[in-house]
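Scroll down for the structure; my scribbles are underneath it.
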């Protein structure tokens, strides 16, 4: 092993390889290229840079994102190795850890590889929240406007007529969450259940749904808007139809949802891939609630873009410039009154008291039925066990949000630690034992008192 600005070493572990890159003085440099060769966020520029308002005054409400956190030590190689072993024991296929924009650990197992895109399932949902923040920045929408002013078919319905954009994206709209009008949930998701997944292989030639966005207009509203949190795809297809109509009525060059999402958030994040990676219906509309397939590196690159406040720079060393208004982006990380631990399409993994969001009943029960796997014994009891407290050495809850998908697909963002962590896995009975709290504690390195080092904690040797 030779010394250089970065040290790299590979430790063989069965059929998987563990890559550690330990940065010395350049942790703030740009991301490495993705497997498809796309540019890194550090050098990406938006196609139509918006005029972004100046940052808010420092005495306003504390923000979740912190693009320039107090420097903290990177997790140790030993701690990360333990977390990877834990992930693989629950059918994990990949773990990637990024610290301040640099990949410091990456490992693949169980037949997966760095070049192979993986189904994110409901991890796809987080793209909608950031797309909405871009649309707010561009003056296309406001979060509290009535959806029925655009989807006018809803005006005559006493409930649908009162749904706001915010309620769609916080999953509190009252729409029937899993309507049969939208066809089979999980269409287009590939390889989530592994090579032995007979149901997925039999459905590989299934005809795409006609038009999710048009169909959702007829989905009934079965609860009062703003009163209940109900997890499901209907809200996302309604959001897709809403924004598509907004674009059609605007003067923007992007005339459909994909083109807008690509121009305003994917391209600035340095992500370039075919739109088919989002599982399209017959009209070419992307599957917004669950169709995305990204490599671990691409998903981490997306997470780093968000951690940076959706900021880009023209070259290494240049100033970071946000392409999305920070106030609009921060809305993604504010929970609703109905569910304080779900923002606008992002799970607020740790609440104000450090409690961890319980996603066990939200991320795969119905899909498991659709894929022919039935219910998981004891799932409700296990999900309740996800709720725990992660405190740093100062007794402060560790801030974290995540995008989460069926099969325990995870994108974690820990802003105060400068960390973005990806975890990919096969969806099976064995994988249900994976616990978000346990995994993050292993990555961060728990001391004897059940806490992790905080930014202001003194050194303890």
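The residues of the range 69-88 that are part of a helix (DSSP H, G or I) and touching a strand residue (DSSP E or B) at 6+ places or on another chain (Cβ under 6 Å), listed by number, are 77, 80, 84, 87. Of all residues in the range 76-93, at least one satisfies being more than 24 Å from residue 399 (Cβ to Cβ), in contact with a helix residue (DSSP H, G or I) (Cβ under 7 Å, 6 or more places away or on another chain), at pLDDT 50 or above and surrounded by 16 or more Cβ atoms within 10 Å (Cβ to Cβ). Kindly indicate whether any position in the range 394-411 is crowded, with 24+ Cβ neighbours inside 10 Å and modelled with pLDDT under 70. No; the residues of the range 394-411 include none that is crowded, with 24+ Cβ neighbours inside 10 Å and modelled with pLDDT under 70. The residue that is surrounded by the most Cβ atoms within 10 Å (Cβ to Cβ), among those in the range 122-154 that are without any contact (Cβ under 8 Å) to a residue 40 or more places away in the chain and part of a helix (DSSP H, G or I), is 148.
For the range 428-449, taking the residues that are part of a loop (DSSP other than H, G, I, E, B) and at pLDDT 90 or above, the one that is farthest from the chain's Cα centre (by Cα) is identified as 445. Taking the conditions (1) in contact (Cβ under 8 Å) with a residue 60 or more places away in the chain; (2) within 25 Å of residue 338 (Cβ to Cβ); (3) part of a loop (DSSP other than H, G, I, E, B); (4) more than 19 Å from the chain's Cα centre (by Cα) in turn, residue 253 satisfies each one other than (2).
In the condition set (1) at pLDDT below 70; (2) at negative phi; (3) part of a loop (DSSP other than H, G, I, E, B), residue 199 is compliant with all but (3).
For the residues 317, 335, 291, the requirement of being touching a helix residue (DSSP H, G or I) at 6+ places or on another chain (Cβ under 6 Å), assigned to a loop (DSSP other than H, G, I, E, B) and either surrounded by fewer than 24 Cβ atoms within 10 Å (Cβ to Cβ) or on the phi < 0 side of the Ramachandran plot (or both) singles out 291.
Is it the case that the range 98-112 has a residue that's over 21 Å from residue 410 (Cβ atoms), buried (at least 20 other Cβ atoms within 10 Å of the Cβ) and in contact (Cβ under 8 Å) with a residue 12 or more places away in the chain? There is no residue in the range 98-112 that is over 21 Å from residue 410 (Cβ atoms), buried (at least 20 other Cβ atoms within 10 Å of the Cβ) and in contact (Cβ under 8 Å) with a residue 12 or more places away in the chain. Under the condition of being over 17 Å from residue 68 (Cβ atoms) and more than 19 Å from the chain's Cα centre (by Cα), the residues counted in the range 292-324 number 2. Taken together, the residues in the range 207-222 that are part of a loop (DSSP other than H, G, I, E, B) and in contact with a strand residue (DSSP E or B) (Cβ under 8 Å, 6 or more places away or on another chain) amount to 4.
When the range 230-242 is limited to residues that are within 20 Å of the chain's Cα centre (by Cα) and under 15 Å from residue 136 (Cα atoms), the one that is surrounded by the fewest Cβ atoms within 10 Å (Cβ to Cβ) turns out to be 240.
Across the range 338-362, the qualifying residues are those that are in contact with a strand residue (DSSP E or B) (Cβ under 9 Å, 6 or more places away or on another chain), at pLDDT below 65 and in a loop (DSSP other than H, G, I, E, B), and the one among them that is surrounded by the fewest Cβ atoms within 10 Å (Cβ to Cβ) is 353.
For the range 251-270, the count of residues that are in contact with a strand residue (DSSP E or B) (Cβ under 6 Å, 6 or more places away or on another chain), more than 19 Å from residue 424 (Cα to Cα) and modelled with pLDDT of 95 or more is nonzero.
Against the conditions (1) touching a strand residue (DSSP E or B) at 6+ places or on another chain (Cβ under 7 Å); (2) under 13 Å from residue 238 (Cβ atoms), residue 91 satisfies every one except (2). Which of the residues that make up the range 392-413 are touching a helix residue (DSSP H, G or I) at 6+ places or on another chain (Cβ under 8 Å) and over 18 Å from residue 120 (Cα atoms)? Within the range 392-413, 398, 399, 400 meet the criteria.
The values are calculated or read from the model by the stated rules, or taken from the named source; none is laboratory data. Just so it is clear, the structure is predicted and the values come from calculations on it, not from any experiment. For neighbour counting, all protein chains shown are included, and Cβ atoms are generated from backbone atoms with ideal geometry for every residue, glycine included.
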